[in-house]
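This report refers to the structure that appears directly beneath it.
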Amino acid sequence: MTVLSPPRPTTIDRALRDAQRWCAGHTIDDRPALAHAVRVAVTIGEHLPNPAPDLIAAALLHDVPDFAPATPDIYQVLAAAYGPQVPRIIAALQAEHDALDKPDPPIRVDDLPVLLASTADKIVALTSLLQRAHASGNVTDFLRARPALLALLPHFRAFQQAAQRRVPAGMSARLDATLTLLERATAGLQTTTTP
């Protein structure tokens, strides 16, 4: 059983339907975007007993601003459908994603729902990256071709260390293990790609 197993709260049912609609035709990590969203929601549920339906809904919909039409304002649409908490969490995750494209992205651990969703998102994305690297047949070349990711590994490690006392221990350990595998796989590459 997962947080998405029936019977589900109405909020999660609606979010799953909306995620299916808005994620259709889009990909994340070379897979359907809906698969990523579902994995993020399920990861939260694996580490947090009885997570709030709004948190799971936000996890399912966290990439929707990238996929939804520009008008009407997606945050207004989400607020009308879900109330203020779901779009608030999604907006914070979007701001975090956008900051990764800038130097020295901030690390915020003061908002627990956002922190839980962000940690689950990193676990899912980085695990998928490792799986794709291994499936490529040449892990080193696969990772070498992603210098932006290599440059962000210290940030992700700092995030994990800052979050470890706020998120469930198993969740922190899972992110730690995933980062350790990536750090080992990129040990010889980091010095050549990090400024």
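Scanning region 152-168 for residues that are crowded, with 19+ Cβ neighbours inside 10 Å and within 17 Å of Asp111 (Cβ to Cβ) gives Phe159, Gln160, Ala163, Val167.
Only one entry of Gly170, Gly188 meets the criterion of being part of a helix (DSSP H, G or I), over 15 Å from the mean Cα position of the chain (by Cα) and touching a residue at least 60 places away in the same chain (Cβ under 8 Å), and that entry is Gly170. All of Leu93, Leu126, Leu175, Leu179 fail the test of being closer than 18 Å to Asp54 by Cβ and modelled with pLDDT of 95 or more, apart from Leu93. Of the residues making up region 114-147, those that are of a type in the set (Gly, Ala, Ser) and either open to solvent by 70 Å² or more (accessible area, probe 1.4 Å) or not in a helix (DSSP H, G or I) (or both) are Ala135, Ser136, Gly137, Ala145. Restricting attention to region 81-113, the residues that are within 19 Å of Ala169 (Cβ to Cβ) and not in a loop (DSSP other than H, G, I, E, B) add up to 2.
Does region 10-17 include one or more residues that are in a helix (DSSP H, G or I), of a type in the set (A, V, I, L, M), at pLDDT 95 or above and under 28 Å from Ala148 (Cβ atoms)? There is no residue in region 10-17 that is in a helix (DSSP H, G or I), of a type in the set (A, V, I, L, M), at pLDDT 95 or above and under 28 Å from Ala148 (Cβ atoms).
Please verify whether Ala79 is open to solvent by less than 70 Å² (accessible area, probe 1.4 Å) and either touching a strand residue (DSSP E or B) at 6+ places or on another chain (Cβ under 8 Å) or modelled with pLDDT under 95 (or both), treating the condition exactly as stated. Taking the combined requirement at face value, the residue does not satisfy it.
Criterion first (over 20 Å from Ser172 (Cβ atoms) and crowded, with 16+ Cβ neighbours inside 10 Å) does Ile74 satisfy it? So Ile74 fits the description; yes. Step by step: first the residues of region 52-67, then only those that are out of contact with any Ser or Thr (no Cβ under 7 Å at 6 or more places or on another chain) and open to solvent by 20 Å² or more (accessible area, probe 1.4 Å), then the one that is farthest from His36 (Cα to Cα). Which residue is that? Step by step, filter region 52-67, then rank; the result is Ala52. Of the residues making up region 63-85, those that are acidic (Asp, Glu) and either under 16 Å from Arg14 (Cβ atoms) or in contact (Cβ under 8 Å) with a residue 24 or more places away in the chain (or both) are Asp63, Asp66.
Being open to solvent by 20 Å² or more (accessible area, probe 1.4 Å), among the aliphatic types (A, V, I, L, M) and not in a helix (DSSP H, G or I) is a description that does not apply to Val38. In summary, Val109 fulfils each of the numbered conditions (1) more than 26 Å from Trp22 (Cα to Cα); (2) more than 18 Å from the chain's Cα centre (by Cα) with the single exception of condition (2).
The values are calculated or read from the model by the stated rules, or taken from the named source; none is laboratory data. Fair warning: this is a prediction, and the values are worked out from it, not measured in the lab. Here the Cβ is made from the backbone with ideal geometry for all residues, glycine too, and neighbour counts use every protein chain on show. These accessible areas exclude ligands, DNA and RNA; they are computed on the full protein's heavy atoms, side chains included. Shrake-Rupley method; radii C 1.70, N 1.55, O 1.52, S 1.80 Å.
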